[in-house]
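The values are calculated or read from the model by the stated rules, or taken from the named source; none is laboratory data. Note that the coordinates shown come from a computational prediction; the quantities given were computed from them, not determined experimentally. So basically every Cβ, Gly included, is an ideal-geometry build from the backbone, and we count neighbours across all protein chains shown.
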Amino acid sequence: MKWKLLWPILLTLIVPLAVSWFVYPETHLPPGFGEFPPQFHGDAPGFNLFVFILVGLSCLYIGGLLLFPKKFGFKGATPQPAAPKVPLPWWFYAGTVVMLFFWYLMWSHSFAFGNLVYWSFTPMWYGFIVAMDGLVYHRNNGSSLLSKKPVTFTLAAIVSTAGWVYFEFYDYFVLSNWYYPDAHNPGWSQLVLTLEFLVTYSTITVVFFEWYTLFNTFPKFPARYMNGPKWAPSGDLLIWLGIALIGLMVVFPYPLFWVVWIGPFAVMSGVLIKNKIWNPFTGLATGNWAPFVLMALASMFNGFVWEFWNYGSHAIVTETQTNPNYWVYNIPYVDVIHIFSEMPLLGYFGYLPFGILVWQVFIWSGKMFGFSTDISLDPTSSRQAEQTNVDTQPTAEQGQ
C-alpha cells in the first residue's frame, strides 16, 4: 500500500527536475533554485486582457457556484441542530491578546522590545489560531481540536511544515510566483532564517482546519452543498494529468503558472482516489460537496487575512522593514487590482484548490506514517449524535 501511495508523489519531484535538465542546458536547474527562502524572481509578462477575461470568467463561474449552489443543481439538505454553546475558554482570550500584541508589533515596526519585532509573524498567527479554536469550543459545546484532538492539532502543524516545503519546491520552476524580499533584513544566519521559516510554515494546515471546524458549527453552511451533482473523477486520470502538467509547467513557466496550484493538487487527489482512501473528493461521488467546498473556503477566507496582514506589515510603516516573512507576487498576465494586498484580485481563487491540497497532504501523510487524520468534532457524547455527525461531516477515516 505504501509504495502505491509513494510512487506518484516521487514522480512529482523527479519530473520537474528531469525536464529542467533539458530546459536549462547550462545549469540544468531553474535560476535561483535552492535559494531559501526564494529571492530570485523572473521578469514575468505584464497584463494581458484576453487572459484576464478568460480567468475572470472562470472565477465568476466558481464564485456563482459557491454563492448560489441551487442554481448549479444543489438541492441542499435539512440542517442538523446547532450544538449548544458554552462559555469562551481561557485560551480564546490568551490567543487574542497574543495575536493583538504581535499584530501591533509587526505593523508598527517598533523596536520597543528589541529584535522581537523580527519574530512577530509566527506568534501572531498562533495567537489567531488559538483564539479561533476557542471560538469553535464556544460554539461547539466544548469540542474543538485543542480540547478534543490535541495530538491531531500537533501532527497537523508538523505535516504543514513539510507540506509547504513540498509546495515551495514548485515555486522555483515557475520562476517564483512569490518570493520574500525582506528575508535577510534581520541579519540572521542561514540556519536561523531557515528554522524561522519552517516554524512559520507549521501554521498553515492548522489554521485551515480551525476555519473548517468553525464553518461546521453553522449547520446551514454545509447543508447548502449537499445533494448536488455527482462526480467521481478517475484517480489514474488525475495522477497522469497532474504529472504531465507539472512537466509542461517547467517548459512554459509563465503560460502555465497556474499549474503550481493545480498539478500537485491533481496528483495527490488521484493517489487517494485510486487507493480508495477517504478524501474531500469521496463525497462528490454521492453529491455531498460539503467537506470539499468548506475546506476550499477555509483556505480562501484565511487567504484574505493572510494577505491583509502581509500587506500591512510592509505598507503601514515604510522605513526599516522588519517582517522577514513578507512576500510579494510575481504573477504573469493577471497581476492587477490589489485591494490592501500584494495578491491580485483573481489570485484569491487559487486559494480554493490549495486548501484541498493541504488537506490531501495531511490525509496522505496519515496513511504513509500511520496516524489518524480525523478532524471531525462530535459536540455530544451520545451514539446517535455521533452517527449524525459522521453522516453530515465525513471524516478522513471513512472509506479507508
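Taking the stretch 70-169 and the helices (runs of 4 or more DSSP H) fully enclosed by it, the elements with 1 or more residues that are under 30 Å from F33 (Cα atoms), among the aromatic types (F, W, Y) and modelled with pLDDT of 95 or more are at 121-139.
Criterion first (modelled with pLDDT of 95 or more, under 30 Å from A131 (Cβ atoms) and surrounded by fewer than 14 Cβ atoms within 10 Å (Cβ to Cβ)) does L54 satisfy it? Taking the combined requirement at face value, the residue does not satisfy it. Sub-8 Å Cβ pairs linking a first residue in the stretch 176-197 that is in contact (Cβ under 8 Å) with a residue 24 or more places away in the chain and charged (D, E, K, R) to a second residue that is buried (at least 17 other Cβ atoms within 10 Å of the Cβ) and part of a helix (DSSP H, G or I), at least 6 apart or interchain, are D182/H314; E196/W119; E196/T122, ordered by first then second residue.
Is it the case that W211 is of a type outside the set (D, E), surrounded by 19 or more Cβ atoms within 10 Å (Cβ to Cβ), under 30 Å from T154 (Cα atoms) and out of contact with any helix residue (DSSP H, G or I) (no Cβ under 6 Å at 6 or more places or on another chain)? Criteria not met by W211.
Selection of the stretch 285-344 for residues being of a type in the set (D, E) and in contact with a Ser or Thr (Cβ under 7 Å, 6 or more places away or on another chain) yields only E307. Within the stretch 181-198, the set of residues being in contact with a helix residue (DSSP H, G or I) (Cβ under 8 Å, 6 or more places away or on another chain) and either closer than 15 Å to G34 by Cα or of a type outside the set (S, T, N, Q) (or both) comprises D182, A183, H184, P186, W188, E196, L198.
Taking each residue of the stretch 359-381 that is closer than 14 Å to S160 by Cβ and modelled with pLDDT under 95 and looking for partners that are not hydroxyl-bearing (S, T, Y) and not in a loop (DSSP other than H, G, I, E, B) with beta-carbon atoms closer than 9 Å, six or more apart or interchain, yields nothing. Just need a number here: residues in the stretch 124-141 that are of a type in the set (S, T, N, Q) and crowded, with 22+ Cβ neighbours inside 10 Å. Residues meeting the conditions: 1.
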